[in-house]
Amino acid sequence: MHRVEVRTKERFGDPHAEGILAQIRELGVEAVRAVRSARLFFLAGDLSDADARRVARELLADPVTEVFFIGASDEGDARVIEVHLQPGVMDPVAASAEGAIRDMGIDVRAVRTGRRYELTGEVTDEQRQTIATKLLANAVIENVFFEAHTPPESQSHSYKLKVVDVPIRDLDDAGLEKLSRDGDLFLNLTEMKAIQDHYRAQGREPRDVELEMIAQTWSEHCGHKTFRSDVRLKNRQGNLVEEIPNLIKNTIFGATRELNKSWCLNVFEDNAGVIEFDDEWAVGFKVETHNHPSAIEPYGGASTGIGGVVRDPMGTGLGAKPFANTDVFCFGDVTMDLSDVPAGALHPKRVMRGVVSGVRDYGNRMGIPTVNGAVYFDDRYVGNPLVFCGTAAVMPKSKCTKQRPNPGDAILCVGGRTGRDGIHGATFSSGELTHQHETEFSHAVQIGNAITEKKVLDTILQARDEGLFSCITDCGAGGLSSSVGEMGEKIGAEVHLDRVPLKYAGLSYSEIWISEAQERMTLAVPRENVERILKIFADENVEATVIGHFGSTGEAPAKPEAGSGRQGAGNNSQNETSSPVLRLFYNNTLVGELDMEFLHDGLPRPTKDAVWDVDAKASPAPPKKDNYNETLLKILAAPNVASKEWIIRQYDHEVQGGSVVKPLVGAAEDGPGDGAVSRPVLGSNRGVALACGMNPHFGDLDPYQSALHAVDEALRNVVAVGGDLERTAVLDNFCWGNCNKPDRMGALVRAALACRDAAMTYSVPFISGKDSLNNEFQTSDGQTIAIPYTLLISAISVVPDVTRCVTSDAKKAGNLLYLLGETRPELGGSHYLRAEGLQTGNDVPPVNPAVNVKTMRAMQKAIFAGLVRGCHDLSEGGLAVAAAESAFAGGLGVEISLANVPTAAEFPGDDTPAGRVAKLFGESAGRFLVEIEPEKAATFEKLFAGLACAQMGKVTDTGRIVIDKFIDLEINDAKAAWQGTFDW
Amino acid sequence: MNIKALVLRAAGTNCDVETAWALEQAGFEAQRVHVNRLMETPSRLADFQFLVVPGGFSFGDDVAAGKILANQMLHRLSEPLNDFVEAGKLILGICNGFQVLIKSGLLPWGRVEAATAGCDATLGWNDCGQFVDRWVHLRCDSGTCVFLPQGETIALPIAHGEGKFVPRDEAVLSRLRGGDQIALRYCDESGRPGGQTNPNGSVDDIAGLCDPTGRILGLMPHPERFVEITHHPQWTRRSVPRADGKIFFQRAFEHLRRQ
């Protein structure tokens, strides 16, 4: 084995090492004076020394900026930290290097890589340990060494088939619960009993793999048990207020069905929701969360989160091409003291850096622009950070509906190899995190390789266009168990698990079946197309393997003999079966057999108790104040409001050439945009607007109003840039605490009801959604931290003509500023109260969807007619923040008079602090700040007859934000405050 | 006769579709061809007049950006590529494609040769240490380069992590200057290079480089991302007279048409 160290030449500097040094300082270790880093390569095989030198010189080291060293260099006085991938963890760099070395005509058996850091300064062993574990290495996938380490060539352990039965028929309640717990099944007693009954009726014990598959299919993650439950909503006395059978069916699904939009082409039954784009094309949208993995391993968790959601539209209809990503994150306070971070949780800043890098590296490599997002901060996200990743995709209309495989179709496993990574991800994400999860569930984190997924995407689209497969789905949570299980729901399947390509030997049949290894898709391919489709994949170095076929062969569900297994395909009897069956084989031994009806319909629908019954509590009256400059600066700098340019610039938001409205806008291209607009079809002037709405601070106080706010904000944002409300659909993503607790469940029910009401009133259907429950963190001292009720609403809207799009930055001095929509007096949950250090009540400003939808429709008409020069939605921080953002984004000034601001009928007087503050900073929904050229004002105003619409200011060239005598700020000062928070 | 452009793709290439589209808008017949196909039948390259290596993350930027694809060119495609150059045809490398051209030797000296490839110049990590997406102004300096209107200042977006141009030494830089090979430099709106306008720390603000003949151009910015007015980040603010990225493809087309 040859060891090669590659490092930057002294005179070129080492930006990565400098970045690490800065982060070491952030950890509070001042002793480190300098950091040097080196890349390590280990070449195994019959290479001569000369070969190794040639590889190092021509391939591994850059001749201009780098030097290499063969062997382990002398560290001198420096303290060494080496980080090596654990055996079995996929190493894409090593794989690429292997291929390149062979291209050079040199025979290499295997390559491994590592990283080396040399720290100078008086660093103690303890500090070095901290730096290694907190900063440099991820214990889940990497090993740390404090000297030069050369890894032994990895030995793979072969697997010897051992069929395992799990006795369940004779267990009592306690035994069933113990089995669920010890097996990480995360099933409750009722569910365990249903399984027990099934196997009693079958007259046999379940195989381990059968139990795993049931647990995965019935997991909260895959089964959405809470949302499908029958709810008993009670008041605090315990009296029943309302019964809601099958919560989701009667709220979110129900609204979509009732709205029955003809342009909704594929909703709620596929991996993404799909709407019509034009006569030829359709667009799909899906948003997923990847919270639990990101809590444990932010980089890997977030990157596989984006990788996973990208596969959703790829596996929708007959496959779609992603054209835009969105991301929304929730983190704990990034300024938190390291000592305040609960044991088992990572520091929020580390989580944020890791998550941002993970999304960046995966999304950028996939070549999908990240166009829209948001970040929220709250202390309670410290143990449960939230990572929402979304993907919008385009596909031919003729290929966009949900498909089913035909009996006899080959099951094709395409893409990444299967390893032990990600085992139990689906069930894991259904439980609560504890301080021990960091170690216990490390295997639940998957490791991603974006290039593998890009290759899969490239080739699948070719196969789709040639019409070679009948059905496709992604292999995500639950792995093959989930993808084959779902596809074969109606007709069954036979799978030979020994045929699944593995990253390394030693996996049991059960592990192969449930592994959540990344970048895999499952296809159903008619036999006559198998040869052709395999060629398409082989042509671009994509691994594709036939692992079985759909349809059961008609044999009676037999009882596998315990332990020994039973011969498979050769011994089939030809009895008719009443229900489709899934059969799993390993080396022709039947290792599992499941009745698909039981698997998919046997889950008992739970009944859940919910309570939401709180007293109204008003927020305190704002104190008297003459000047609000400081308040505005504070709100602009608040982490939820502050510029996220540090994140946005790391994402490629223009790849694919469809960018129309970018995430940053304005004269210096650094102001906040409302929604993003892209062209999914090059050459067409139709576009797609994407935006989101969310406010966890409202969620705490009033889940119903909070959900209305989220929908209203998402819709405002797409309308503000030029979207068509009549062709807008929304997605829901609920992240909640433990819904077995009636108060959490009560909040969930209230939010779901609001989603239904909002969908009906705005006439905007939900087309897809996802929930992540049990976001609670058990600290080592037994405390529970539950996240705020967090509902993300993502909107997708067709833009009929992208050349009419509008941005939020102020355009020209002399133009008139209008405020649309009513301002209400309530201040609950507002940034104003936070900035002033005042306790909030639960008086979230109520939303009036019936009126707001009229304002939005009129706004849309105005934009389509070309009457609007600028449009900014009012959200966090209200009018003052929106006006400041428009002003500094445009490099101009604004002058506003509060007297003209349209208000609700009951509103405190302008001369009272309450009235003034509500107008300046109130966060009522349904409002837009609009810039109109004077000559178009009359036409514009006509569109708003009968609606709240008033000219209350104008754009100036003074470079000042002036609101009566209450605010007078230089735009540069306001911008500096807004940009300073995340100037990382 | 149609003028044919080959858009070379590999695992991880991700700007090939819009690059092909931009080429078609300029009049080319554009074909996206996987490097595996070209390695199977290297003679196919001779059917084309224009080779474009588009942006992306070929092979995930593993080892170094563009390195693995460059290695394939060096060891599997050197002959047809050198023939292509000698035939007076055009080559354009955008972003990752620029990295590939540098690491395969096509830039700066116009020859694919394993012993010397990458020895005189490289594209290293941005000074800020991370990926950056933003718009920049560029001054078209070279009169030799067939793709560029000399003397004009244009706007294009960049999106890269490894775009810092570094020549081996002052002698190389002088030779590049002397040969009129410094095609594009980061500058401000009025065309003044230097200072804050340099997004990655490139030596001498170099954003793009051509070979001594001017027929091979590599650049970090993305011309294919500014072929519509609505691509410009300020098109909603003011009238944008021209989509600057189009010029590259139009001039290449005109050059080949004249021949």
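Check off (1) surrounded by fewer than 24 Cβ atoms within 10 Å (Cβ to Cβ); (2) β-branched (Val, Ile, Thr); (3) over 21 Å from B:His160 (Cα atoms); (4) within 14 Å of chain A (Cβ to nearest Cβ) for B:Ile247 and give me the number that stays unchecked.
(4)
Kindly evaluate A:Gly891 against the criterion of being within 14 Å of chain B (Cβ to nearest Cβ), open to solvent by 40 Å² or more (accessible area, probe 1.4 Å), in contact (Cβ under 8 Å) with a residue 12 or more places away in the chain and over 29 Å from A:Ala707 (Cα atoms). Give the steps one after another, and end with the answer.
Numbers: within 14 Å of chain B (Cβ to nearest Cβ): yes; open to solvent by 40 Å² or more (accessible area, probe 1.4 Å): yes; in contact (Cβ under 8 Å) with a residue 12 or more places away in the chain: yes; over 29 Å from A:Ala707 (Cα atoms): yes.
The answer is yes for A:Gly891.
Does A:Ala883 meet the test of being of a type in the set (Gly, Ala, Ser) and under 34 Å from the mean Cα position of the chain (by Cα)? Spell out how you get there, then give the answer.
Working: of a type in the set (Gly, Ala, Ser): yes; under 34 Å from the mean Cα position of the chain (by Cα): yes.
It is true that A:Ala883 is of a type in the set (Gly, Ala, Ser) and under 34 Å from the mean Cα position of the chain (by Cα).
On the given criteria, is B:Leu256 among the aliphatic types (A, V, I, L, M) and open to solvent by less than 10 Å² (accessible area, probe 1.4 Å)?
Numbers: among the aliphatic types (A, V, I, L, M): yes; open to solvent by less than 10 Å² (accessible area, probe 1.4 Å): no.
No, not satisfied.
Taking B:Ser239 as the residue in question, decide whether it is small (Gly, Ala, Ser), assigned to a loop (DSSP other than H, G, I, E, B), without any contact (Cβ under 8 Å) to a residue 40 or more places away in the chain and away from chain A (no Cβ under 14 Å).
Numbers: small (Gly, Ala, Ser): yes; assigned to a loop (DSSP other than H, G, I, E, B): yes; without any contact (Cβ under 8 Å) to a residue 40 or more places away in the chain: yes; away from chain A (no Cβ under 14 Å): no.
Judged against the criteria, B:Ser239 is not a match.
Give just the number: which of (1) surrounded by fewer than 23 Cβ atoms within 10 Å (Cβ to Cβ); (2) within 14 Å of another protein chain (Cβ to nearest Cβ); (3) modelled with pLDDT of 95 or more does B:Gly129 not satisfy?
Result: B:Gly129 passes all but (3).
Taking segment A:510-538 on its own, how many of its residues are within 21 Å of A:Leu457 (Cα to Cα), over 32 Å from the mean Cα position of the chain (by Cα) and not aliphatic (A, V, I, L, M)?
So the answer is 5.
On the given criteria, is A:Gly959 touching an Asp or Glu at 6+ places or on another chain (Cβ under 6 Å) and in contact (Cβ under 8 Å) with a residue 40 or more places away in the chain? I'd like the intermediate steps shown before the answer.
Working: touching an Asp or Glu at 6+ places or on another chain (Cβ under 6 Å): no; in contact (Cβ under 8 Å) with a residue 40 or more places away in the chain: yes.
No, not satisfied.
How about segment A:621-637: which of its residues are surrounded by fewer than 21 Cβ atoms within 10 Å (Cβ to Cβ) and touching a residue at least 24 places away in the same chain (Cβ under 8 Å)? Write out each step before concluding.
To start, the set of residues in segment A:621-637 that are surrounded by fewer than 21 Cβ atoms within 10 Å (Cβ to Cβ) comprises A:621, A:623-627, A:629-630, A:633-634, A:637.
Matches in segment A:621-637: A:Ala621, A:Pro623, A:Lys624, A:Lys625, A:Asp626, A:Asn627, A:Asn629, A:Leu633, A:Lys634, A:Ala637.
Does at least one position in segment A:952-970 carry a residue that is assigned to a helix (DSSP H, G or I) and surrounded by 16 or more Cβ atoms within 10 Å (Cβ to Cβ)?
Step one: filter segment A:952-970 for residues assigned to a helix (DSSP H, G or I), giving none.
Within segment A:952-970 (the criterion being assigned to a helix (DSSP H, G or I) and surrounded by 16 or more Cβ atoms within 10 Å (Cβ to Cβ)), the answer is no, since none of the residues qualifies.
Identify the residue in segment B:73-102 that is within 14 Å of another protein chain (Cβ to nearest Cβ) and surrounded by fewer than 24 Cβ atoms within 10 Å (Cβ to Cβ) and, among all such residues, is farthest from B:Asn2 (Cα to Cα).
Our first condition is that a residue be within 14 Å of another protein chain (Cβ to nearest Cβ); within segment B:73-102, this holds for B:73-78, B:94-97, B:99-100, B:102.
From the residues that got through so far, the ones that are surrounded by fewer than 24 Cβ atoms within 10 Å (Cβ to Cβ) too are B:75-78.
Values: B:His75: 31, B:Arg76: 28, B:Leu77: 25, B:Ser78: 26 Å.
For segment B:73-102, the residue satisfying everything is B:His75.
Please return the ranges of helices (runs of 4 or more DSSP H) entirely within segment A:1-104 where 3 or more residues are more than 10 Å from chain B (Cβ to nearest Cβ).
Numbers: elements: A:15-26, A:49-55, A:92-103.
Those helices (runs of 4 or more DSSP H) span A:15-26, A:49-55.
From (1) modelled with pLDDT under 90; (2) in contact with a Gly (Cβ under 6 Å, 6 or more places away or on another chain), pick out the condition that doesn't hold for A:Arg109.
Just one mismatch for A:Arg109, condition (1).
Working only within segment A:476-502, note down all residues that are under 26 Å from the mean Cα position of the chain (by Cα) and outside any helix (DSSP H, G or I). Working first, answer last.
First, the residues of segment A:476-502 that are under 26 Å from the mean Cα position of the chain (by Cα): A:476-487.
A:Gly476, A:Ala477, A:Gly478 - these are the residues of segment A:476-502 that are under 26 Å from the mean Cα position of the chain (by Cα) and outside any helix (DSSP H, G or I).
Under 8 Å between Cβ atoms, at least 6 apart or on separate chains: pull out the pairs that start in segment A:638-649 with a residue that is closer than 17 Å to A:Ala882 by Cβ and end on any residue that is open to solvent by 30 Å² or more (accessible area, probe 1.4 Å) and in a helix (DSSP H, G or I).
A:Ala638/A:Arg834; A:Ala642/A:Gln979; A:Ala642/A:Gly980; A:Ser643/A:Gln979
Do you know which residues across segment A:167-206 are in a loop (DSSP other than H, G, I, E, B) and under 25 Å from A:Gly479 (Cβ atoms)?
Taking segment A:167-206 first, the residues in a loop (DSSP other than H, G, I, E, B) are A:167-172, A:183-188, A:203-206.
Residues satisfying the conditions are A:Ile168, A:Gly183, A:Asp184, A:Leu185, A:Phe186, A:Leu187, A:Asn188, A:Arg204, A:Glu205, A:Pro206.
Tell me the residue from A:Ile70, A:Ile20, A:Ile24 that is at pLDDT 95 or above and of a type in the set (Val, Ile, Thr), please.
Numbers: A:Ile20 fails: at pLDDT 95 or above; A:Ile24 fails: at pLDDT 95 or above.
None of the other options fit; the residue is A:Ile70.
In the list A:Pro92, A:Pro87, which residue meets the criterion of being in contact (Cβ under 8 Å) with a residue 24 or more places away in the chain and surrounded by fewer than 17 Cβ atoms within 10 Å (Cβ to Cβ)? Give the steps one after another, and end with the answer.
Values: A:Pro92 fails: surrounded by fewer than 17 Cβ atoms within 10 Å (Cβ to Cβ).
Criteria check complete, one pass: A:Pro87.
Taking interchain pairs and intrachain pairs at least six residues apart, which have beta carbon atoms under 9 angstrom, with the first residue in segment B:15-29 and more than 9 Å from chain A (Cβ to nearest Cβ) and the second basic (Lys, Arg) and in a helix (DSSP H, G or I)?
B:Ala26/B:Lys246; B:Ala26/B:Arg251; B:Gly27/B:Arg257
Which of the residues spanning segment A:845-863 are open to solvent by 10 Å² or more (accessible area, probe 1.4 Å) and closer than 18 Å to A:Phe698 by Cβ?
Of everything in segment A:845-863, those that are open to solvent by 10 Å² or more (accessible area, probe 1.4 Å) and closer than 18 Å to A:Phe698 by Cβ turn out to be A:Pro846, A:Val847, A:Asn848, A:Pro849, A:Asn852.
The values are calculated or read from the model by the stated rules, or taken from the named source; none is laboratory data. No experiment lies behind these values; they were computed from the predicted model shown. All Cβ positions, glycine included, derive from the backbone under ideal geometry; neighbour counts span all protein chains shown. Ligands, DNA and RNA are stripped out before the accessible areas are found, and what is left, the full protein with its side chains, is counted by its heavy atoms. Shrake-Rupley method; radii C 1.70, N 1.55, O 1.52, S 1.80 Å.
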